[in-house]
Every structure is written in structure tokens, then in C-alpha cells.
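Okay, structure first, notes after.
The values are calculated or read from the model by the stated rules, or taken from the named source; none is laboratory data. No experiment lies behind these values; they were computed from the predicted model shown. Glycine gets a Cβ as well: all are built from the backbone with ideal geometry, and neighbour counts include every protein chain shown. Surface areas here come from the heavy atoms of the whole protein model, side chains and all, with no ligands, DNA or RNA. Shrake-Rupley method; radii C 1.70, N 1.55, O 1.52, S 1.80 Å.
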Amino acid sequence: MASINELIERIHADSSEEIVTEYLEKIEKSKLNAFITVAKESALLRAKEIDSQGHDGPLAGIPIAIKDNISTKGIATTCASKILTGYIPPYDAHVIEKLKEAGAIIIGKANMDEFAMGSSTETSFYGPTLNPWDTTRVPGGSSGGSAAAVAGGEAPLSLGSDTGGSVRCPASFCGVVGLKPTYGVISRYGLISYANSLEQIGPFATSVRDVATLFDVISGHDPRDSTSVDRETNYSSALINDVKGLKIGVPEEYFAEGTDKNVEKSVRDAINTLEELGATSVEVKMPHTKYALSAYYVIAMSEASSNLARFDGMRYGLRTEDSDWHTTFSQVRAAGFGDEVKRRILLGTYALSAGYHDKYYLKALKIRTLIKQDFERAFRDADVLIAPTMPYPAFKLGEKIDDPISLYLADVDTVPINLAGVPSISLPCGFSGGLPIGMQVIGKHFDEAAILRTAFAFEENTDFHTRQPEGS
Amino acid sequence: MYENPDGVMIGLEVHVQLNKLKTKVFCGCSTDYHNDPPNSHVCPVCLGLPGSLPVINRKAVEAAIKIGLALNCKVEEHTQFYRKNYYYPDLPKGFQITQYDFPISSGGYIMIEGEDGEHRVGITRAHMEEDPGRLVHEGTIDKSKYTLIDYNRSGMALIEIVSDPDMRSPKEARRYLDKLRNILEYLDIFDGDLEGALRVDANISIMGGQRAEIKNISSHKGAERALLFEIVRQKNVLRRGGVVVQETRHFDEAREITLSMRSKEEAHDYRYFPEPDLVPLKISGWAPAIKEMLPELPDARRMRFVEQYGIMDDHAKALTSERKVAIFYEEVAKIADPKISAVWICDVLKGELNYRDLTIEAFRKEDMLSVIELLMSKKITEDGAVDIIRTLLDKGGSPEEIVKEKGLLKVEGDIVSTAAEEAIKENPVAVSDFKAGKEKALNSLVGSVMKKTKGRADARAAREILLGKLG
Amino acid sequence: MITKKDLEHIGWLSRLELSEEDREKYTPKLNSVLDYFGELDKADTGGVEPSYHVMPMSNVFREDVPIASLSQEEALSNAPKNQDGFIKAPRMM
Ligand SMILES: [Mg+2]
Ligand SMILES: [Zn+2]
């Protein structure tokens, strides 16, 4: 699998068109179903343009897959939902503008759980994405298409979004690197909201270095997003192969019952490796972790129930037979949304409704405060925290799809990070029965430099990230 | 003391569009859409396209604070926006960004001309929100086969001003609206003449019934009509032994009636929660700074006029009840006698304008000055001045031309003198009555002089001359 | 516990038409999730302020300067039905 640097060399030697054509052929032959839309014509057109006119951007001529909940001007954007049938956005998301400036070429829109609601990419209206390591298994979710595309060699880079683990979970299941930045570091303008107060766009790649390069391109202040922060950063410069003196916090709550033995062992081995390189580790207590999952789902569903109210079939998307307006509205939505989306809208509506608002929504927000405080305390004793990304490796397709609770439980180690708004990177740290295992390195607010550096040092001294699924 | 025999209680929710801002409240779309085709002033934000995000217009916050201060409200130092979740085709996101807890201002009042003199109307709150789009129905809302939507209006900055239920008659409601509009125009943040600039929802109850909310009122006159209709309707329901239920009704402007909107959608549960895409406002210090720069408001200007120009309070009130009239007056009073100017603008010009349904813009300040100058130099009579004003409004021209065309110049003294001699000769009875001490007999002689001069003589001058000749 | 009857109301509040079969199918699943959320009751949140936003930001504004809008054609390009420049929605009543 080629890195950004290798691709740039090849583009100089051959052409961007050749590279793009290779990836397009790979996608065409693939059985993974990682893409909803392949932007073949526009990608080739742009590649030729870059070849003939030249471009000095850091990603000039390099193809990238974009999760299909990120608005792309002129390219269908579906959120993997029937309700957005036919929708072609008239505008680009902030990150797409940044990518275009940098010379990147959008090769297609990646599959995902419908409206990013899921951890397996099975709820897509366009069918599930398969895990490149074992096609009977899920790639994780909700950014499953983005992770599978990179793991399967169908794109060197991709973007996902992470509301409660949706970048890190598929990164872990597919054996690639995925970053969920601090809340506010990447503009959400153009990201179709699932749960606004929790989510961030995040980059995927096969190495920490490439993740950092992509992150440098797409991060930064955007005046169109009121929650966007204004800070000067250069993440690539944080990549130093040195962890001497680094203090690693190990939250025992993240190794709780239900964690696969091999997962636990791989992550603890990884911590040992870093200690051998000069880091120290200390156990930290995060006592409110047990409430995180419920609090997360209440907040996410509440916000989602309101965010998804705009899908009424009037201005865009699916329209059914007209009767009176309110009935048509209800019928459009009944026909356009899948089961999991409906369940979350119903639960979110309930959690915000008169009589239940305080019991669910307000209570969850108070727990969010307690969880933030857990992190603040932990970071008094540690520079970064290390924990499993997922409690187990990729599960079988269909295994959890009809049992919401067991599906939600898979997110137990990822959701607290979104509640607190801190950054976390997932990277491969082992294998179990041929399936990749991911660990996450969690940092303080805006301290992406520390987690990138830790991840980079680990990667430089191990070879888990170099293994590839067969046929990729 | 006003008795309020039916126990009428009216509260108004007034939506004021900040149409003097250059852009909408949460996006950069221009507010200058009134002469443009539908859906030509929209962007991903105000069209509610997936993925778009709102950012607050700083000037809209400043305008909201101005309004809060002008309505004697407490302006908050901390405020934030909420989502009000409900569904209507004019609402592109399925929720409205508005305020809920911590509105930007609350707890104020304004004074209006009530049924029995000055009357205080409490202001519950004045908060910020976004305007929905505009719906067009074919015929009426209940009969139309489809609904057309124009989102040009969507996202315009609105201030919703909620009054206490302090008005006791439709007339008071109208006076409240007049006063409110007047204050807003003084603040120069709003042009009340633009379509959709000020829209009213009215809550009204009478003794023995629950309150009805009337929506879709778009003018002051409409508010009065809708409320008059509603009082009669509610009284009729009660008289027939029925129950006035709490409900929302739609005002049909053309038919001047209200229609019940009761349906399943009545079961509102707005599920308010803080807008996660906007951060809170911490605006301590803004209100005191804005207060410093606040323009003079109608009540203050009225007091100043009395003091500075020595005019009657009634005149000062009439002159300040419209910002444009007050400006007109001050410009005239700068040059002409302030008291005479007040009399002629209030007692004559305003009446003539009202009669013709015209505004002050229909009359030139220079013409007013000419008329006053002609009067002061005794070149024309008061009747002549009224004639000039009417002619200017109906036909145009200049005061000088009108004087010439109509021969309004006051007649010379010797003509009056000749007329007086003739009058004395022709009315011996009146002359002898006057000489016998009947003062009133002089009036008929004056009348005779006026008749002979076709009204162009000055009545007072004619009287003096007659007295001289008789004495 | 939500009943099938409650679900009808929530469905209406959510503008999601639910068939009898849907209500049958959803009720137990929604209740199992709500049971799980019951976990929240165990947390002691006395005196704890809610975190509506994760970052302590405030006062983010735009200046009152117009930017280009979409063209009418772009604005209507995704609308399934339109007429004379308006977006066409079903009748209200
Ligand atoms: Mg309102
Ligand atoms: Zn706009």
C-alpha cells in the first residue's frame, strides 16, 4: 500500500491520471461495497488537469474517499439513506474546499451506516460494506466504507466522521489509522449532522504520518462554524520517534468485563513496548465511565431527532404521493428512513419531550460534566491515555443488527472521548485470529501533538501497520 | 375610568423584522429581496440544506439590545439560542432557532394612549429568532390544493416582542401597535413600510372564556378588525351557552374573520433545547454602551418639544407620534415660529394628510415654510392658507402660484374701508342697535364687509375699521 | 415503559408514520433501550451543571456583510416539485 510520499513520487514520474485510474479499477473489481458513489469522470478530469497544469499542493493528484455524509458540490451525497435519493449538494463542505485547494482528487463517496447511526455499516440503504480482512465480518462503523477503502487499497486516504467512535471503530476493525480530533479543530460546515455537540470529521490512512499530513490539510479555523476554534498548528512537525519521559495513563475501566482477552493482551503489550522506549505508565481512575454509554446515546439521539426533522421531501430528497402536508411529511419519512434511524428519532423525541426532558436529556448532560471531570483528573497524572479502541475484533455480519443494546455496547470505550471532546487516535496494535486489533491513544484538549507523537513512535518501532489483508 | 364591561384581556406577540440590517440573522444572504423573484436570496443555511451551520450577525444582537432598552426592559448579560422543534413547510430545518430560557431582554413596559388616558402595557420579553419563509396559498389556506414556498424571508432577523395581557380593547391594541412601530422607527432598525415587516399574533379572552390565539395578522388595522370579530364571536358563543375553548385561529384578512385551525397538530410539544451549533453570548457591557448611543425616543422628544419650543403637550404628542413628522416639524420650527408651526402642522396639515390617507412625505417642508411666511406677513388669511395646503396636496404647484391663480392675496386697507362705509350705509338698523349698546350688532356689519370683499379681508382688521368709522 | 399507545404519540411528534406492525416491532426494542438508560438514575448528579457545549466558547459572530446567495436555479435544483420559482408543497389542510 502506497504512502502519500510514494504516490507523489509516482505522480511526478508517471501521472496522477494513471494513479487515479488504478484506484478506479480496484474499486470497480472490489466486492467490499466500500463506495456508494464513484466519481469516476470528475476524478479523471481533475487528474488530467493537475497533470497538465501542475499543482503544488501537499496532496496534488492524490485520490481520496469521502464519507457520504460530507457535502460535495455536484456529487450525490446520500448519508446512505433512501431519504436523500437524488440529492446533489450545491456547495462543498469546508474540508472539501481544503482538500481541493491541496490538490486532492475526490474519487468517490464512501459507504456508512445510515446517517452515521451504527457501528457496523450494516444499516446503509446501499447494503453493508464488508471487512477486507474477512468478508463475512463487518468493517465497523459508521465510517466503514472509508476505513475499508483504505484497508482494501481502494483509496490511499479517506475522511470519516466520529460521533461516538465512528472513525476509530472501523479503523480498529480494518487495521488502519484513524483520528478523532479535539472538538472544534476541524470545521463541521458541510458535515450532515447526526449529533452536533459530539462529532468531528476525522482522517484515515495506513500510517500515522499520512494521517498527520491529511489532518494538516483539513484542520483550521472556519468562520462558518461557530464551534470552530482558531489555533495555528502543524501536526506533521509533532511526529518525533521519541517517547522518553512520556507519562501514559491506563484507565482500568476500559479493560472491563466483556473485553476480549487478546485485545486486552495486545493493548497491554503495546503499553509495554512504549515503556521499553522510555515512557512510564500509571493507572488512572475514570469512575463515571459506566454511565458514558447511556449518556452518550441519550444526547446523540436527542440531537439527532431534531437534526433529522429537515428531511421532509420538499427542498430535496425523496417525495412520496401528496396528501395534506403533515401526513405527506410523515409518509416521506416512513418511506425514507431505515429502522435504526427511526428508532433513534423516536427515542430522541421521547427523551426531549415534556415530562422526560429532565429525566433523560438533562441528566445525560450532567453526566457529561462528570465524564469531562474524569478526563481532567486523569490528565493531571498522565500526558496521554491508552486503551482498547473496541472491546473485541470485527464481529460477523448480521450478528448484532437486530439487537440494539448489544450493538450499542460495542461503543463502550469510544463514546466517553466524544462526551469529553478530547482527541483520540486509533492504530493497529495486534491481531487475533487474523483480524486486526486497534488501540486508542487519547489526549488532552488540543494536544493532538502528544497522541500523534506517541502513535508515531509506536508505529516506527512495530510492524502491525504494515500488514495487509489478502488481495489488497 | 374605563369599565371594560366584557372583561377583555388582550396580549400581543409582535414579530418585528430587522429589515434595515444588510444580512439575515444566521447567514450572509442579503435582506434586500422585496422586489426579487422567490427563492433568489437563499443559501445552504437559510434553505436548511444538510450540513449547513448558523453564525450570529453581530448587528442583530446590537439591534435586539436597542429594542430591549427602548422598551424599558432588563437586558441580560448572558443569553443563548434554543431550538424550537415543530413542523411547518415554511420552516426549512424542522425547527426554529429562537430563545427560551435567558431571552436577551424582559420585564419592560411602554405607555400608550388608553381608553381612559395614559395606560401602561407591560413587556413580558423581547427575544431574538429567525423568520420562517413565506407561504402562498391558492385562494385561502383551508381550500388551497397546494402550498407554495418562498424562502427569501427565511432567516431574516426577528425580534419577538411579547406583551403582558394588559390591553382592554381592540382600540388599545391598535394604539399599542402604533406606539411600538413608532419606537422602532425612532431606533432606525426597521422600516415599517416593507411587506412583512411587522406581524402580529394576538391572544384574547373575555370574561368567562379561555383565550384564543389569532395568527396571521399583518397590519394594525387588521389587528383591530380581528380582535373586534373575535370579541363578537366569543360573546356569541357564551350567550348561546357554549364554551370558548383555548385554540389557535387564523385571521382571514380578505374576509375579516378568524378561522379555527384546530387539528392534530395542536398537540404542541416544542422540545426546546440549546442550539448546539451556536455558542452562548456573554454580552455584559454591551447594554450600557448601546444605551449611551440610543437616539431620543418619542416620549423624551415630546417632553423636549414642550420645553424647547413652548408648544402645548397635545401638539408635542401629535408631532412625535411619527418619527418623520417630528423631523419635519423640527426642520420647519428651526426657521419659522415654533408655536405657529406646531398649530399648522398638527391642526391643519396632519388632518388634511389623514383625510387623504397620505404620509408626511407628500408635503414639502419648503411649502410649509412659505405658507407660514405668507400668513405671518399678513399677505393671506387663515382660510387662504388652508386653501393653499389643500391645493398643494390635491393638485401640486407652489404656494405663490396658487395665491396668484386663486387671487388669495389679502385685499388692501382702502378697499376694506370703502366696503365698511357701504356696509354702514346699507344697514342703518344695525348701526343704531350698535350705538344703543348692542355690541353684537357689530358682527353683522363685519359679516357684510366680508361678503363684499369675498372673504379676502381680515376679519379683525374689518372690525377695527368699522369701530373707527362708527366711533 | 412506553406502550404502543405512547408510541403512536411519539410517532406523531416525530412525524414518522408507524403501521400497526411497526408499533408491534418497535415497542419492545425501544423499551429495552429505555431500560438500559435507567442506568442514568444511579448516577449522583446533585449540584452538577449540565454541559450543553463541550468547549467553553462564547461570542462568535459574523459581521453584517452580504455574501453571494445561491442562484434561484441552484436553490430549486433539488426540489422534487416547484412552480414559478416557488417550492411546491402539499396542501395544508
Ligand atoms: Mg416566536
Ligand atoms: Zn442564507
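Here are the numbers for this structure:
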{"quantity": "Square roots of 5 times each gyration tensor eigenvalue, C-alpha, chain A, largest first, Å", "calculated": "30, 29, 20"}
{"quantity": "Chain-alone versus full-assembly comparison, segment B:1-41, residues with accessible loss of at least 50 Å² (1.4 Å probe)", "calculated": "B:Gly28, B:Pro38, B:Asn39"}
{"quantity": "Net +/- balance of residues flanking C:Leu40 in space, Cβ distance below 10 Å, scoring K and R +1, D and E -1", "calculated": "+2"}
{"quantity": "Computed P(r) (all Cα pairs; chain C; 5 Å bins; percent)", "calculated": "2, 8, 10, 9, 8, 10, 13, 14, 12, 10, 3, 0"}
{"quantity": "0 to 90° range, to nearest 10: angle between helix B:220-239 axis and chain B longest Cα axis", "calculated": "70"}
{"quantity": "Accessible carbon and sulfur surface of chain A relative to its total accessible area, %, 1.4 Å", "calculated": "48"}
{"quantity": "Pairs of Cα atoms farther than 15 Å apart, segment B:414-470, %", "calculated": "35"}
{"quantity": "Contact surface C-A: accessible area buried, both sides summed, square angstrom, 1.4 angstrom probe", "calculated": "5500"}
{"quantity": "Surface accessible to a 1.4 Å probe, per residue, for the residues of the protein assembly as shown, Å²", "calculated": "39"}
{"quantity": "Heavy atoms of A:Phe255: accessible area, 1.4 Å probe, square angstrom to 10", "calculated": "20"}
{"quantity": "Percentage relative contact order, chain A, counting C-alpha pairs under 8 Å, at least six apart", "calculated": "18"}
{"quantity": "Solvent-accessible surface ranking, highest first, for B:Arg390, B:Arg301 at 1.4 angstrom", "calculated": "B:Arg390, B:Arg301"}
{"quantity": "Accessible-area composition of segment B:414-470, carbon plus sulfur, in percent [1.4 Å probe]", "calculated": "53"}
{"quantity": "Threshold 50 Å², segment B:141-157 residues less accessible with all protein chains present than alone (1.4 Å probe)", "calculated": "B:Tyr146, B:Thr147, B:Leu148, B:Ile149"}
{"quantity": "nm² value of the averaged projected area, convex hull over the Cα atoms of the protein assembly as shown", "calculated": "52.4"}
{"quantity": "Helix B:382-395 vs. chain B, principal-axis angle (Cα, 0 to 90°, nearest 10)", "calculated": "50"}
{"quantity": "B:Asp269, B:Asp357, B:Asp314, B:Asp433, reordered so the largest accessible area comes first (probe 1.4 Å)", "calculated": "B:Asp357, B:Asp314, B:Asp433, B:Asp269"}
{"quantity": "Relative intensity, log₁₀ I(q)/I(0), of segment B:182-244 from a Debye sum that treats every alpha carbon as a point, q = 0.14, 0.29 Å⁻¹", "calculated": "-0.51, -1.18"}
{"quantity": "Under the Debye formula (equal points on every Cα, no solvent term), log10 I(q)/I(0) of segment A:307-448 at q = 0.09, 0.18 Å⁻¹", "calculated": "-0.46, -1.13"}
{"quantity": "Solvent exposure ordering (accessible area, 1.4 Å, most first) of A:Lys98, B:Lys74, B:Lys324", "calculated": "B:Lys74, B:Lys324, A:Lys98"}
{"quantity": "Quotient of Cα Rg and 2.2 N^0.38 Å for segment B:298-406, N being how many residues it contains", "calculated": "1.03"}
{"quantity": "Principal semi-axes in Å for chain B [√(5λ), Cα gyration tensor, largest first]", "calculated": "56, 26, 21"}
{"quantity": "Column: log10 I(q)/I(0), Debye, Cα scatterers of segment B:9-290, q = 0.10, 0.16, 0.17 Å⁻¹", "calculated": "-0.53, -1.40, -1.55"}
{"quantity": "Chain pair A, B: total accessible area buried, heavy atoms, 1.4 Å probe, Å²", "calculated": "2700"}
{"quantity": "Long-range HN-HN contacts of C:His53 with modeled amide H, under 5 Å", "calculated": "none"}
{"quantity": "P(r) tail fraction, segment B:1-132 - alpha-carbon pairs more than 21 Å apart, %", "calculated": "52"}
{"quantity": "Extent along principal axes [Cα atoms of segment B:143-257; Å; largest to smallest]", "calculated": "48, 39, 21"}
{"quantity": "For segment A:407-462, convex hull of alpha carbons as volume per residue, Å³", "calculated": "66"}
{"quantity": "Area hidden from solvent between B and C (accessible, protein heavy atoms only, 1.4 Å, total, Å²)", "calculated": "3900"}
{"quantity": "Between 0 and 90°, nearest 10: helix B:170-187 axis offset from chain B longest Cα axis", "calculated": "90"}
{"quantity": "Distance histogram in 10 Å bins (all Cα pairs of segment A:296-383, percent per bin)", "calculated": "16, 33, 25, 16, 7, 3, 0"}
{"quantity": "Expected 222 nm ellipticity per residue - DSSP helices of 4 or more, -39500 (n - 2.57), all of chain A, to 500", "calculated": "-11500 deg cm²/dmol"}
